[in-house]
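Enquirer: Before I ask anything, here is the structure I am working with.
The values are calculated or read from the model by the stated rules, or taken from the named source; none is laboratory data. What you are looking at is a predicted structure, and each value in this text was computed from that prediction instead of being measured. All Cβ positions, glycine included, derive from the backbone under ideal geometry; neighbour counts span all protein chains shown. Accessible surface is based on the protein model in full, side chains and every heavy atom, while ligands, DNA and RNA are left aside. Shrake-Rupley method; radii C 1.70, N 1.55, O 1.52, S 1.80 Å.
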Amino acid sequence: MLRAKRTLFTVLVAGLFASAVYTVANSKAGPEPQSGETGRTSEYALATFAGGCFWCMEPPYDELDGVVSTIVGYIGGHVRNPSYGEVSAGGTGHTEAMEVRYDPAKITYQELLDVFWMNIDPTVDDRQFCDKGSQYRAGIFYHNAEQKALAEASKQKWIDSGRFARVVTEVTPASVFYKAEEYHQDYYIKNPLRYKFYRYNCGRDRRLEELWGD
């Protein structure tokens with residue numbers, strides 16, 4: 001009986017160890033890169049965009065092959081650890097933004113930029129769609145020289161196109177990014193009806209069609 005118990009214990013320990021090894025080996029996401037770094041880990045890169053209400057910026061990126069994760073939060077302000085209430089009141093200098101962690105082997109930064117432009121109104125500053133104030137300003141926040149060059153070139157492309165009377169979207173270096181409260185993360189999944197109601201009433205899709213529709 002004692003030998004049987006010892007054998008069973010050995011099997012259980014081996015099973016738990018194998019399970020732990022499998023979980024680590026098959027984890028899709030690597031270590032979270034910290035804001036303010038170069039935007040690169042051993043496997044993944046980081047991009048940061050602001051396009052008005054951050055609820056609406058996650059869906060187009062979450063569906064892209066090569067995007068590992070998206071996190072919404074606040075960037076570009078002067079107050080440490082701001083809350084949603086403080087940011088939405090417009091007194092912290094932050095804008096609602098989103099960090100995109102992606103695999104450069106599957107998707108390029110240029111492709112992320114292309115998606116960004118098609119989901120914002122580049123003709124207005126200190127607002128996006130129905131949301132007014134600098135806390136909703138659109139922007140590209142680059143993490144390194146390569147991202148800066150690509151971001152500036154993409155903006156210049158739309159300026160030169162003559163499609164718009166003006167293109168005022170900011171291109172600035174990434175500063176400290178503060179993750180928003182958990183209930184804001186993946187809001188469109190957690191609260192699909194409220195999300196759709198907000199998006200429709202804000203006129204986001206109607207305006208995007210006016211700007212980018214053929």
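Enquirer: Would you point out which residue out of Gly77, Gly85, Gly93 is open to solvent by less than 30 Å² (accessible area, probe 1.4 Å) and either out of contact with any helix residue (DSSP H, G or I) (no Cβ under 7 Å at 6 or more places or on another chain) or of a type outside the set (Phe, Trp, Tyr) (or both)? Steps first, answer last, please.
Expert: Working: Gly77 fails: open to solvent by less than 30 Å² (accessible area, probe 1.4 Å); Gly85 fails: open to solvent by less than 30 Å² (accessible area, probe 1.4 Å).
Result: Gly93 is the single residue among Gly77, Gly85, Gly93 that is open to solvent by less than 30 Å² (accessible area, probe 1.4 Å) and either out of contact with any helix residue (DSSP H, G or I) (no Cβ under 7 Å at 6 or more places or on another chain) or of a type outside the set (Phe, Trp, Tyr) (or both).
Enquirer: Which pairs turn up if I take residues in region 78-100 that are among the small types (Gly, Ala, Ser) and look for partners that are open to solvent by 60 Å² or more (accessible area, probe 1.4 Å) with beta carbon separation below 6 Å, at least 6 apart in sequence or on another chain?
Expert: Listed by first residue and then by second, the contacts come to Gly93/His78.
Okay, residues lined up against (1) more than 19 Å from Gln147 (Cα to Cα); (2) open to solvent by 10 Å² or more (accessible area, probe 1.4 Å); (3) at pLDDT 95 or above:
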site: Ala47; (1), (2), (3): no, no, yes
site: Val67; (1), (2), (3): no, yes, yes
site: Thr70; (1), (2), (3): no, yes, yes
site: Asn81; (1), (2), (3): yes, yes, yes
site: Pro104; (1), (2), (3): no, yes, yes
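Enquirer: Among Arg137, Arg199, which is open to solvent by 30 Å² or more (accessible area, probe 1.4 Å), within 19 Å of the chain's Cα centre (by Cα) and within 30 Å of Arg80 (Cβ to Cβ)?
Expert: On the way: Arg199 fails: within 30 Å of Arg80 (Cβ to Cβ).
None of the others qualify; the one that does is Arg137.
Enquirer: Output the number of residues of region 163-180 satisfying the condition of being open to solvent by less than 60 Å² (accessible area, probe 1.4 Å) and either within 21 Å of the chain's Cα centre (by Cα) or not aromatic (Phe, Trp, Tyr) (or both). Outline the logic, then answer.
Expert: At the first step, the residues of region 163-180 found to be open to solvent by less than 60 Å² (accessible area, probe 1.4 Å) are 164, 167-172, 174-175, 177-178, 180.
Among the residues that remain, those that are also either within 21 Å of the chain's Cα centre (by Cα) or not aromatic (Phe, Trp, Tyr) (or both) are: 167-172, 174-175, 177-178, 180.
Final tally of qualifying residues: 11.
Enquirer: For region 189-214, how many residues meet the condition of being of a type outside the set (Lys, Arg) and within 28 Å of Lys155 (Cα to Cα)?
Expert: Going residue by residue through region 189-214, those that are of a type outside the set (Lys, Arg) are 189, 191-193, 195, 197-198, 200-203, 205, 208-214.
When the remaining residues are screened for being within 28 Å of Lys155 (Cα to Cα), the result is 200, 202-203, 205, 208-214.
Residues flagged as of a type outside the set (Lys, Arg) and within 28 Å of Lys155 (Cα to Cα) within region 189-214 amount to 11.
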